[in-house]
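Presented below is the structure to which this report refers.
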Amino acid sequence: MVKSFPYPGLSGVIPESNSGFGDMEKIMRVYHQLEVGAIQQPFLELNELLGKQVVDFREPDW
């Protein structure tokens with residue numbers, strides 16, 4: 001299951017080549033943009049459902 005994770009640098013899988021993981025900050029930014037936002041969205045919808053802000057997420061400090 002871990003090998004199917006699209007971001008090898010974040011999955012803990014060690015690459016077979018000597019090139020390493022690449023730029024980890026770029027990988028984290030893309031992961032946050034594509035994956036974390038989608039995970040956060042249902043929680044943010046609670047704010048609309050309850051009529052007040054009870055859930056909030058901070059942007060990461062890169």
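Assuming charge only on the beta carbon of Lys and Arg (+1) and of Asp and Glu (-1), the dipole of the range 21-62 about its Cα centre is about 40 debye to the nearest 20. As a rough guide to protection, the peptides 26-37, 46-57 ranked by mean Cβ packing within 10 Å, highest first, stand as 26-37, 46-57. Other residues with beta-carbon under 11 Å from the beta-carbon of residue 36 carry, at +1 per Lys or Arg and -1 per Asp or Glu, a net charge of -1.
Simple spin-label estimate for residue 35 and residue 62 gives 1.6 nm between the two label positions (7 Å along the Cα-to-Cβ direction from each Cα).
Coordinate-derived values only; no laboratory data. Everything numeric here is computed off the predicted structure, so don't read it as measured data. Here the Cβ is made from the backbone with ideal geometry for all residues, glycine too, and neighbour counts use every protein chain on show.
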